[in-house]
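S.K.: Handing you a structure now.
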Amino acid sequence: MTFNENVVTYESDSPSTSTNSTKSSTNYSNLIPIDCLPFQRIANVIEPTCLDENNEPYLFNAWIVNLTSPVQTRDLIRFSTHHRLEDKKCERTKHLRRIRKAFPYENVDCGPHTATSNLPGLDYCISVLLAEATPDLTKDKVKQLLSRTSAQVTDLDPYILKVPSRRATTGEEYNACQKYWPVSFTPKAQFVNGFTYDYWDVRKLDWVMNGLDKAKSLAYEAKSRGELPIAAHVSSPPIEIPVPPGYPPPTPNMTALGYDTRCSSGNPLNHAIFNCVRKVGELRYKADAETTTINGNDNEKRSSSTQPNTTANNTPTLSGLNACQNGAEYLCTSLTLFSTHEPCMMCAMALVHSRVRDIYFLKKSTSSGGCGSVYGVHEMQNLNHHFEAWCLNSEHPLSNGLDLDDHISP
């Protein structure tokens, strides 16, 4: 890996994802470290560290038992799994390993009888995590549940132990957690099918800047028509730009524009982002109509091809933008939104419901922003969808202009 003016050239000999090739070389060139981007990622909840300011893991109390015989393992695992299924707070323990094997030289806490906790005839202790130690789950109740599980575990003595409250994503976090209890280690993938969380491809940066520039131009057009200078643009990424793993493939060639029309319509709900998402819905409705009725023939159904239909000059037609391709009937699954201003809370919730993948905006909305300035709707843990939010640095020339009064909610 080499660095040259904030651009990285990375070469990998990882196997190709193609099914007809067993070995190939992938050249990741012109990658920009995220720290060198002209953007600030708005993230306060997503990807939290598991260590505090003293580099110690955040902890909570859990019920633990030490085995007195290896044959107890199966019954305890069954108890643990059963209790997790009934426990509404099982999210608190899913990152923790069920069993810990500890040797005396590791100096780990094996309960009130650490000195005599080793298995008979062995030089190590095996402990099993049962459940989170909630106020309702007392020691007497734990022993009662154990007695119902099996006669072999009835006499075990449960005790409370502090265990890590979050999974480890770095080697440092993993080592710190091991002193208390083993946790799952799930580091970020460096490169998956050409995508990396730590770098941007220069083609992605160009595409994002062009998208923001298009939104800004549309906002000035709206201003010339007597509207508020707020605009948004939804787009699918070009096929050559790698996308994060785990997302459905975006609908190719999808583009929708919208600007604020509250002044002309008199409707306070006609925000730019609302209008833009509504435009996506209209395109999908028209696409569905075109793919089920072509040239007035109701019997001619949509093509089974996943590629968009094109005209003679290779311009994609709406029949290539079918909703099935975008997954689960959501309007903006795996799509990207570019906006002149940070979405308000209402618009941010609309983006959650439409399943947008990420958004980029030019200016923060300090009095009503729903993506970091006032609320963090895009990363609220009690919602069933999250998306990335990025704001262009205020000193970048593209962020100049389009100022709004504080009482205006974009």
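The values are calculated or read from the model by the stated rules, or taken from the named source; none is laboratory data. Since this is a predicted model, take the numbers as computed values, not measurements. Neighbour counts are summed over all protein chains in view; Cβ atoms, including those assigned to glycine, are modelled from backbone coordinates with ideal geometry. Each accessible area value is taken on the protein alone, full model and side chains, heavy atoms only, with ligands, DNA and RNA left out. Shrake-Rupley method; radii C 1.70, N 1.55, O 1.52, S 1.80 Å.
S.K.: Averaged per residue, what accessible area in Å² does the stretch 57-177 show with a 1.4 Å probe, protein chains only?
M.R.: Per residue, the stretch 57-177 has 56 Å² of solvent-accessible surface.
S.K.: Between TYR220 and CYS36, what is the FRET efficiency for a Förster distance of 25 Å, r being their Cβ-Cβ separation, to the nearest 0.05?
M.R.: Approximately 0.30, to the nearest 0.05.
S.K.: Per residue Cα convex hull volume for the stretch 323-410, in cubic angstrom?
M.R.: Hull volume over Cα atoms, normalised by residue count, gives 93 Å³.
S.K.: If Lys and Arg each add +1 and Asp and Glu each add -1, what is the summed charge of the other residues whose beta carbon sits under 13 Å from the beta carbon of ALA102? Display every interim value, and only then the final one.
M.R.: Values: positive: ARG97, ARG100, LYS101, LYS179; negative: GLU106, ASP109, ASP123.
Neighbourhood net charge equals +1.
S.K.: Oh, and also: Under 5 Å between amide H atoms, partner at least 5 residues away or on a different chain: which partners does VAL183 have, H built in plane at 1.01 Å?
M.R.: ARG97
S.K.: Could you calculate the contour length gain from ASN54 to LYS139, that is, 0.36 nm times the residue separation minus the distance between their Cα atoms, to one decimal place in nm? Don't skip to the answer; put the middle values down first.
M.R.: Details: separation 85, 0.36 × 85 = 30.60 nm, distance 3.15 nm.
Residue separation times 0.36 nm, minus the Cα-Cα distance, leaves 27.5 nm.
S.K.: Using the basic label-point model (7 angstrom from Cα toward the beta carbon), what is the SER264 to ILE239 distance in nanometres?
M.R.: Modelled inter-label distance: 3.6 nm.
S.K.: Follow-up question, since we're still on this one. From the backbone phi of the stretch 399-410, what are the Karplus-calculated ³J(HN,Hα) couplings (6.51 cos²θ - 1.76 cosθ + 1.60, θ = phi - 60°) in whole Hz, Gly and Pro given as x?
M.R.: 7, 6, x, 6, 6, 10, 5, 4, 7, 8, 9, x
S.K.: Using amide H atoms built 1.01 Å from N in the peptide plane, name the residues 5+ places from HIS341, or on other chains, whose amide H lies under 5 Å from its own.
M.R.: ALA231, LEU362, LYS363
S.K.: Taking LYS94 as the anchor, which lysines have their alpha carbon closer than 24 Å to its alpha carbon, excluding any fewer than eight residues away along the same chain?
M.R.: The qualifying lysines are LYS139, LYS141, LYS143, LYS162, LYS179, LYS188.
S.K.: Here's another thing I want to ask about it. Quick one: compute a quarter of the convex hull surface over the Cα atoms of the stretch 57-177 and quote it in nm². All intermediate terms of the calculation are to be shown ahead of the outcome.
M.R.: Values: hull surface 30.5 nm².
Taking a quarter of the hull surface, the average projection is 7.6 nm².
S.K.: Hey, another quick one. Over the stretch 57-177, what percent of the accessible surface lies on carbon and sulfur atoms, probe 1.4 Å? Before the final figure, lay out each step's value.
M.R.: Working: 3490 of 6770 Å².
The computed percentage sits at 51.
S.K.: With θ taken as phi - 60° and the coefficients 6.51, -1.76 and 1.60, list the Karplus ³J(HN,Hα) couplings across the stretch 268-280 in order, rounded to whole Hz; mark glycine and proline as x.
M.R.: x, 8, 7, 6, 4, 5, 4, 5, 5, 5, 4, 5, 4
S.K.: Could I ask something else about it? If amide H atoms are built 1.01 Å from N in the plane of the peptide, which residues on other chains or at least 5 residues away come under 5 Å of the amide H of LEU59?
M.R.: Hits under the 5 Å cutoff: SER165.
S.K.: Would you kindly derive the ³J(HN,Hα) couplings of the stretch 121-126 from the backbone phi angles with the Karplus curve 6.51 cos²θ - 1.76 cosθ + 1.60 (θ = phi - 60°), listing them in order in whole Hz, with x for Gly and Pro?
M.R.: x, 10, 9, 8, 10, 10
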